[in-house]
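Quick notes on the structure that follows.
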Protein chains: 2
Amino acid sequence: MRPRAGEKLADDTLAAAHGLPIHVRSVECLGNCKRRLSAAMLRDGCWSYVFGDLKPDSAADLITGAQLFANATDGLIPWRGRPDSLKRGLVARIPPLSITKDLT
Amino acid sequence: MRPRAGEKLADDTLAAAHGLPIHVRSVECLGNCKRRLSAAMLRDGCWSYVFGDLKPDSAADLITGAQLFANATDGLIPWRGRPDSLKRGLVARIPPLSITKDLT
C-alpha cells in the first residue's frame, strides 16, 4: 500500500518542520519491529529518544516534542507538555557519548 | 533485593571490559520499561543500539557485541557473530546525528 505509513509520517513531519530549526530525515530502519511506526529524536550532546506506536498523523506531535527538546535547558525532553503519543510511545532513551566517557 | 539485576550486569560488564578499549557506564534509566534489563551501545559517529531482555549474566555477550562494534569497518554491529541475546534483544537503533543533518 502506498504511501506507507512511515513515508506519510516522514513527509508530513518534514513539511511541518518548514521554517523551524528542526531537521527531519527518514532512515531505512530503527530496528524497532515490536513497536511499529517509530521515530528517533536527537539533539547534539543530549540524550537521544526513540518513540514507537506512532500513527501516520503523528507529525504534529513529533514537531511539538522536537520544539520542547530544542528549548530544554537541561537537554531532556520535558514530560510536561509532551504529547501523549510521546509519553506512551517512549521506547528508549540513550545517553550522549560525552557522559558515557567518564568511567573506564 | 541487592544487588539489583542491573547493578550486577553493570559491575560484571565493567570488570569484563578491563584492559579492552571499551568504556562502561551505568545510567539511571534508559526509559525502556517494557523490555526489562537493558543496555545501550554507542560508538562515536556510528548508529547507537539499545538492547533489552538481558539477563544479569549477559556481561560476556555485551562485551562480545561491543568488540564486534569497535572493529566494524562500516560502523554497524555485524549480525554474524552477534550473541543471540543481542539479536533477540534488539530494542532499537538510532542513527548518528551526523547523517541526520543532510536533510532540511
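Would you grab the residues whose amide H sits under 5 Å from the one on A:Leu37? Only those 5+ places off in sequence or on another chain, please, with H modelled 1.01 Å from N.
A:Asp53, A:Leu54
Between copies, how far apart are the B:His18 label points? List them in nm, one decimal, shortest first, with each point 7 Å from Cα toward Cβ, please?
Result for B:His18, in nm, nearest copy first: 6.0.
Calculate how steeply helix B:5-16 sits against the longest principal axis of the alpha-carbon atoms of chain B, using the helix alpha-carbon long axis, and give the answer as 0 to 90 degrees to the nearest 10.
70
Label points 7 Å out from Cα along the Cβ direction at B:Arg4 and B:Ile99: separation in nm?
Result: 3.3 nm between the two label points.
How tilted is helix B:59-71 with respect to the longest principal axis of chain B? Cα atoms for both, answer in degrees (0 to 90, nearest 10).
With rounding to tens, the tilt is 20 degrees.
Give me D for the stretch A:48-91 in µm² s⁻¹, whole number, from Stokes-Einstein with Rh from the Kirkwood sum over alpha-carbon pairs, 25 °C and 0.890 mPa s.
234
Could you work out the longest stretch of chain A that avoids the trypsin sites (Lys or Arg not before Pro) located in DSSP loops with at most 12 other Cβ atoms within 10 Å?
Here the longest segment lacking exposed loop sites spans A:5-79.
How large are Rg and Dmax for the stretch B:24-104 when only the alpha carbon atoms are used, in Å?
Just the Cα atoms of the stretch B:24-104 yield Rg and Dmax of 13.0, 44 Å.
Tell me, what ³J(HN,Hα) does each residue in the stretch B:34-46 have, in order and in whole Hz, if you take phi through Karplus 6.51 cos²θ - 1.76 cosθ + 1.60 with θ = phi - 60° and put x for Gly and Pro?
These are the phi-based 3J(HN,Hα) values: 6, 10, 6, 4, 10, 8, 10, 10, 10, 9, 3, x, 10 Hz.
Distances in nm, one decimal, shortest first, from A:Pro3 to the same residue in every other copy, taking the label point 7 angstrom along Cα→Cβ.
For A:Pro3, the inter-copy label distances come out at 4.9 nm.
For A:Thr73, go 7 angstrom from Cα along the Cα-to-Cβ vector, then report the distances to that same point in the other copies in nm, smallest first.
When each copy's label point is compared with this one, the spacings are 4.9 nm.
Show log10 I(q)/I(0) for the protein assembly as shown at q = 0.13, 0.16 Å⁻¹, two decimals, from a solvent-free Debye sum over equal Cα scatterers.
The Cα Debye sum returns log10 ratios of -0.73, -1.08.
Throughout, read-outs are computed from the coordinates displayed, never taken from laboratory work. These numbers come from a predicted model, not from an experiment. No Cβ is skipped: glycine too gets one built from the backbone with ideal geometry, and neighbour counts run over all protein chains shown.
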